[in-house]
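Engineer: Sharing a structure, written as structure tokens. Questions coming.
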Amino acid sequence: MSHYANHVETLQARFDEALQATGFESALIYSGQAAVAFLDDNPYPFRVNPLFKYWLPITDSPKSFIYYRAGQKPVLYLYKARDFWHAPIDIDVTLWGDFFELKVVESLAQVRSDLGDALASTALIGELYEPLDGWDTAAKNPQSLIDHLHYQRAVKTDYELECLRKANTLAARAHNAARDAFYAGASELEIQHAYLAAINFREQEVPYNSIIALNQHSAILHYDVYDRVASAESRSFLIDAGATYNGYCADITRTYAAKKTGFYQELVEAVDKAEQAIISEISPGTSYYDLHVSMHHKIAQILVDFNFFKISPEEVYERGYTNAFFPHGLGHYIGLQVHDVGGFLKAADGSSYERSARHPFLRLLRDIEPGQVFTIEPGLYVVDQLLEEFDGNDDFNWTRITELRPFGGVRIEDSVLVTANGTENLTRDAFDALK
Ligand code: GLY
Ligand code: MN
Ligand code: MN
């Protein structure tokens, strides 16, 4: 059986279990539609409902539905309007045609009448545009069903892993083009163009706004306003950018020093080494939270090794200083969404872990299991806003911090699959295959 055939079988079993547990007979998943700008008639880029692309590798078909009744073959209601304004949807059924009943519709009313009385025992999952909001379904976006489905999604099927590997291959190729553009002296916007051109992507096809940051900009965690003119001196380059394949996401960060010698280059190497060291600590049954704390200790060690502090690494962590340099989480699940769902869920019934007061931005508190894919993305930056409260504190070596400020910071990010006895690094494997 193909990976995709197995994937559909797994989804049927997951939905059967989730529907049974939450008291519905069927689910109707709306692909969504593009929102329109205020006081305008131009739409924002369309983003498909993740639970729609969970079933099908179709990301560009608004106003379509998947209907799944427990135990039965799923139905795709594919929306094709009689419309001379827009290009018709061109759908390739090769991969999935055998596993779905395909019904082409011209209106949402057709779907409603085709489903008839079945709607009354159906949970509708999707953004509630008119007229869907008025349909007599059993429930609309019931949290119990969504939690159940989200909990299950943490473990990836073989088909999903194939898609994630391909997304990483695309992103790695684009990253290499971006790196070359940086060393050729390009501006941030030129680097973004080189990135997209390398994989023939439109900007709306990348899974999140690429972070393309030169010099101090790399300390701005979600920097996405690209300078159009190259800076007089490019000292450092941090790129956090992804790609998608069949709707599955890659999320990769690399950092480069313009000069291949000197303390900033050494700092990049130290963070890179620590990132690989933390990956080697991953094993099923351990907790991602513990991994995050272990990373803080490694960052504390780097901060002391590079003379950012006059105290011990233990004191740097205990006094809360690492949070100022590494303020975000170690990582998150990744899959159909860049920040994939379910990281706080303790069980399929929706019970959840409490967020840590010391580490409030960590999105993944679940234990580590085979089949999960998550990112590992330590960073170390000079974020002045976070350092303000320590102004004048003698534990800090402010001269060293002043030296790092013009470079911004460092982040290295890979996506990792947990296997029965360790990990597969989807990102490093993708880069290696391009060598
Ligand atoms: N690119 C967003 C993140 O790394 O989480
Ligand atoms: Mn990430
Ligand atoms: Mn990222």
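Engineer: Which one of Val418, Val383, Val410 is under 20 Å from the mean Cα position of the chain (by Cα) and closer than 24 Å to Leu238 by Cα?
Structural biologist: Details: Val418 fails: closer than 24 Å to Leu238 by Cα; Val383 fails: under 20 Å from the mean Cα position of the chain (by Cα).
Val410 is the lone residue from the list that is under 20 Å from the mean Cα position of the chain (by Cα) and closer than 24 Å to Leu238 by Cα.
Engineer: Taking the condition of being open to solvent by less than 80 Å² (accessible area, probe 1.4 Å), assigned to a helix (DSSP H, G or I) and either within 17 Å of Thr255 (Cβ to Cβ) or touching a residue at least 40 places away in the same chain (Cβ under 8 Å) (or both), how many residues in the range 181-192 meet it? If you could, list the steps in order and put the result at the bottom.
Structural biologist: The first filter runs over the range 181-192 and keeps only residues open to solvent by less than 80 Å² (accessible area, probe 1.4 Å), leaving 181-182, 185-189, 191-192.
Still in the list and also assigned to a helix (DSSP H, G or I): 181-182, 188-189, 191-192.
Now restrict to residues that are either within 17 Å of Thr255 (Cβ to Cβ) or touching a residue at least 40 places away in the same chain (Cβ under 8 Å) (or both): 181-182, 188, 191-192.
Residues that pass the stated criteria total 5.
Engineer: Still on this structure, I have one more. Out of curiosity, is Tyr195 of a type outside the set (S, T, N, Q), in contact with a Ser or Thr (Cβ under 9 Å, 6 or more places away or on another chain) and without any contact (Cβ under 8 Å) to a residue 60 or more places away in the chain?
Structural biologist: Details: of a type outside the set (S, T, N, Q): yes; in contact with a Ser or Thr (Cβ under 9 Å, 6 or more places away or on another chain): yes; without any contact (Cβ under 8 Å) to a residue 60 or more places away in the chain: yes.
Yes.
Engineer: Among the residues of the range 287-311, write down those that are open to solvent by 10 Å² or more (accessible area, probe 1.4 Å), without any contact (Cβ under 8 Å) to a residue 60 or more places away in the chain and hydrophobic (A, V, I, L, M, F, W, C).
Structural biologist: Across the range 287-311, the qualifying residue is only Val304.
Engineer: Considering only residues that are touching a helix residue (DSSP H, G or I) at 6+ places or on another chain (Cβ under 9 Å), among the charged types (D, E, K, R), within 22 Å of Ile89 (Cα to Cα) and not in a helix (DSSP H, G or I), which ones fall in the range 101-155?
Structural biologist: Matches in the range 101-155: Lys103 only.
Engineer: Still on this structure: Considering only the range 212-229, I want to know if a residue exists there that is among the acidic types (Asp, Glu), surrounded by fewer than 23 Cβ atoms within 10 Å (Cβ to Cβ) and within 13 Å of ligand 1 (Cβ to nearest atom). Walk me through it before giving the result.
Structural biologist: Taking the range 212-229 first, the residues among the acidic types (Asp, Glu) are 224, 227.
Then drop every residue that is not surrounded by fewer than 23 Cβ atoms within 10 Å (Cβ to Cβ), which leaves 224, 227.
Next, only the ones that are within 13 Å of ligand 1 (Cβ to nearest atom) stay: 224.
Yes, that holds for at least one residue.
Engineer: Follow-up question, since we're still on this one. List, please: which pairs have Cβ atoms under 6 Å, are six or more places apart or on different chains, and start with a residue in the range 334-351 that is under 25 Å from Asn168 (Cα atoms) and end with one that is within 15 Å of ligand 3 (Cβ to nearest atom) and aliphatic (A, V, I, L, M)?
Structural biologist: Final answer for the pair search is Ile334/Val373; Asp340/Ile334; Gly343/Leu364.
Engineer: Scan the range 4-28 for residues that are under 21 Å from Asp349 (Cβ atoms), open to solvent by less than 10 Å² (accessible area, probe 1.4 Å) and outside any helix (DSSP H, G or I) and report the count.
Structural biologist: The total comes to 2.
Engineer: Still on this structure, I have one more. With the condition kept exactly as written, say whether any residue in the range 161-177 is away from ligand 3 (no atom under 16 Å from the Cβ), assigned to a loop (DSSP other than H, G, I, E, B) and under 17 Å from Ile239 (Cβ atoms). If you could, list the steps in order and put the result at the bottom.
Structural biologist: Within the range 161-177, the first condition is being away from ligand 3 (no atom under 16 Å from the Cβ), and the residues that meet it are 161-163, 165-166, 169, 173, 176-177.
Remaining after also requiring assigned to a loop (DSSP other than H, G, I, E, B): none.
Within the range 161-177, none of the residues are away from ligand 3 (no atom under 16 Å from the Cβ), assigned to a loop (DSSP other than H, G, I, E, B) and under 17 Å from Ile239 (Cβ atoms).
Engineer: Also, quick follow-up: Under 7 Å by Cβ, and 6 or more places apart or on different chains, what pairs join a residue from the range 18-37 that is free of Cβ contacts under 8 Å to residues at least 24 places away in the same chain with one that is surrounded by fewer than 23 Cβ atoms within 10 Å (Cβ to Cβ)?
Structural biologist: As it stands, the answer is Ala35/Pro43; Ala35/Tyr44; Val36/Asn42; Val36/Pro43; Ala37/Tyr44, since those pairs meet every condition given.
Engineer: Which ones in the range 81-109 are at pLDDT below 95 and surrounded by fewer than 11 Cβ atoms within 10 Å (Cβ to Cβ)?
Structural biologist: Arg82, Asp83, Phe84, Trp85, His86, Ala87, Pro88, Asp90, Asp92, Thr94
Engineer: Which count do you get for residues in the range 392-435 that are among the small types (Gly, Ala, Ser), surrounded by fewer than 13 Cβ atoms within 10 Å (Cβ to Cβ) and in a helix (DSSP H, G or I)? First the steps, then the outcome.
Structural biologist: Of all residues in the range 392-435, those among the small types (Gly, Ala, Ser) come to 392, 408-409, 415, 420, 422, 430, 433.
Remaining after also requiring surrounded by fewer than 13 Cβ atoms within 10 Å (Cβ to Cβ): 392, 420, 433.
After this cut, where a residue has to be in a helix (DSSP H, G or I) as well, the list is 433.
Of the residues in the range 392-435, 1 are among the small types (Gly, Ala, Ser), surrounded by fewer than 13 Cβ atoms within 10 Å (Cβ to Cβ) and in a helix (DSSP H, G or I).
Engineer: While we're on this one: Can you find a residue that is modelled with pLDDT under 95 and either more than 16 Å from ligand 2 (Cβ to nearest atom) or open to solvent by less than 30 Å² (accessible area, probe 1.4 Å) (or both) anywhere in the range 234-252? Quick ask: steps written out before the conclusion?
Structural biologist: Taking the range 234-252 as the starting set, the residues that turn out to be modelled with pLDDT under 95 are 234.
Next, only the ones that are either more than 16 Å from ligand 2 (Cβ to nearest atom) or open to solvent by less than 30 Å² (accessible area, probe 1.4 Å) (or both) stay: 234.
Yes, the range 234-252 has at least one match.
Engineer: Does the range 262-276 contain at least one residue that is in contact with a helix residue (DSSP H, G or I) (Cβ under 9 Å, 6 or more places away or on another chain), within 30 Å of Thr169 (Cβ to Cβ) and within 16 Å of ligand 2 (Cβ to nearest atom)?
Structural biologist: For the range 262-276, residues in contact with a helix residue (DSSP H, G or I) (Cβ under 9 Å, 6 or more places away or on another chain), within 30 Å of Thr169 (Cβ to Cβ) and within 16 Å of ligand 2 (Cβ to nearest atom): present.
Engineer: Would you mention how many residues in the range 211-249 are within 12 Å of ligand 3 (Cβ to nearest atom) and aromatic (Phe, Trp, Tyr)?
Structural biologist: Residues flagged as within 12 Å of ligand 3 (Cβ to nearest atom) and aromatic (Phe, Trp, Tyr) within the range 211-249 amount to 1.
The values are calculated or read from the model by the stated rules, or taken from the named source; none is laboratory data. Please read these numbers as outputs of a predicted model, since none were measured by experiment. Methodologically, a virtual Cβ is constructed for each residue, glycine included, from the backbone with ideal geometry; neighbour enumeration extends over all protein chains shown. Calculation scope for accessible area: heavy atoms of the full protein, side chains included, ligands and nucleic acids excluded. Shrake-Rupley method; radii C 1.70, N 1.55, O 1.52, S 1.80 Å.
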